[in-house]
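To start, the structure under review is shown below, and the notes come after it.
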């Protein structure tokens with residue numbers, strides 16, 4: 001316990017120094033939030049389907065599969081088309097399932113043959129678009145009431161249509177930009193603490209700590225813990241902003257916690273490795289951002305992974321940023337399971353352990 005008390009004390013010291021450095025604080029905490037909000041606002045987005053002529057009004061495109069074609073079905077369609085938030089687009093059932101599964105549209109309405117007799121409607125929805133699905137359910141009930149006396153009541157059978165992992169599109173631009181914002185916060189923390197570690201080495205702070213009655217592993221553990229805590233706090237701030245301010249709804253909170261924690265641990269190791277490779281403060285800053293920017297460019301930190309051409313998606317697997325994004329996006333909007341993000345998380349943990357082993361040289365050489 002006494003050993004960990006020293007680690008906590010060193011971590012608290014590093015966090016206080018970070019809070020006093022306005023430039024590092026802006027780069028680490030505020031800049032990722034600005035990026036996520038700004039690029040998300042450029043939409044209507046990478047997934048949410050809006051009718052082009054009505055994008056300003058925010059009309060949601062819904063596919064209508066009318067296999068009945070009778071007067072009752074036409075009356076329901078006409079009443080639904082009058083809804084101010086919905087624009088109907090005719091489609092075949094197979095194509096409608098494909099487009100909803102790919103995230104191109106939030107839902108389809110299927111009017112099967114014999115609709116007038118059973119008054120039953122199948123509502124195929126993207127499970128990532130719960131808000132739009134609820135809106136459409138209410139609109140259907142209202143349209144049924146307007147099209148005909150409410151008796152017999154309309155029966156709505158909801159069916160979840162899931163996509164195929166990486167081919168699926170996100171429900172809103174913010175579901176993409178805020179995971180990217182988390183990545184930029186992680187990269188900023190890694191670069192900031194790597195430079196801080198080398199700066200303390202140059203000024204002799206690490207040497208003074210080394211001659212103190214303090215095991216050397218605690219010095220590195222304190223720096224790593226401070227970096228990890230900064231990453232987790234910034235990730236929590238970004239996710240809270242996405243949920244409360246921009247309507248992003250992560251599909252799995254436990255998996256999101258696992259993904260963020262694995263990402264943080266992996267890049268804590270990268271931070272120590274960058275500090276070991278850089279001999280001086282200026283060179284470490286340049287090297288850190290060069291390496292981390294390259295990871296971001298290849299791994300989806302700038303161009304979303306699902307927008308990349310297939311060959312670049314394969315190359316992206318070489319970047320730890322890609323592993324982190326696939327894990328975080330899997331929990332936020334891809335609907336991945338623990339087994340599906342487990343490989344990326346294990347790769348991040350392995351990267352962190354190997355990098356930490358090489359990076360410990362900074363302290364061993366004191």
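Laboratory data are not the source of any read-out in this text; all were calculated from the coordinates shown. This structure is a prediction, so every number in the text was calculated from the model and none was measured. Every residue, glycine as well, gets a Cβ built from its backbone with ideal geometry; the counts of neighbours run over all protein chains shown.
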Legend entry - Bridge type composition, the chain - antiparallel percent by DSSP, nearest 5: 25 percent
Inset, instruction - Please work out the Cα center distance from the range 73-95 to the range 308-325, rounded to the nearest Å. - result: 38 Å
Legend entry - In degrees, nearest ten, helix 216-246 long axis to first principal axis of the chain (Cα): 20 degrees
Legend entry - R0 of 56 Å, Cβ-Cβ distance residue 67-residue 216: FRET efficiency to nearest 0.05: 0.15
Legend entry - In nm, spacing of pseudo-spin labels at residue 122 and residue 340 (7 Å Cα→C-beta vector): 2.2 nm
Legend entry - Crossing angle, helix 281-299 versus the chain [Cα axis fit, 0-90 degrees, rounded to tens]: 20 degrees
Legend entry - FRET efficiency, 1/(1 + (r/R0)^6) with R0 45 Å, evaluated for residue 233 and residue 279 via beta carbons: 0.90
Inset, instruction - Please arrange 117, 68, 21 by counting, for each residue, the other beta carbons lying within 10 Å of its beta carbon, fewest first. - result: 117, 21, 68
Inset, instruction - Normalising by the residue count of the range 276-366, find the relative contact order in percent from Cα pairs under 8 Å and 6+ residues apart. - result: 26 percent
Legend entry - Where labels lie 7 Å past Cα in the beta-carbon direction, separation of residue 75 and residue 240 in nm: 5.2 nm
Legend entry - Calculated over the chain: convex hull of Cα atoms, volume per residue (Å³): 145 Å³
Legend entry - Extended-chain gain in nm, criterion 0.36 nm per residue less alpha-carbon gap, residue 16 and residue 358: 120.4 nm
Legend entry - Dmax and Rg, reported as Rg then Dmax, of the range 218-301 (C-alpha, Å): 15.1, 45
Legend entry - Extended-chain gain in nm, criterion 0.36 nm per residue less alpha-carbon gap, residue 146 and residue 31: 36.5 nm
Inset, instruction - For n ≥ 4 DSSP H runs only, could you compute -39500 (n - 2.57) per run for the chain, divide by its residues and tell me the 222 nm figure to the nearest 500? - result: -20500 deg cm²/dmol
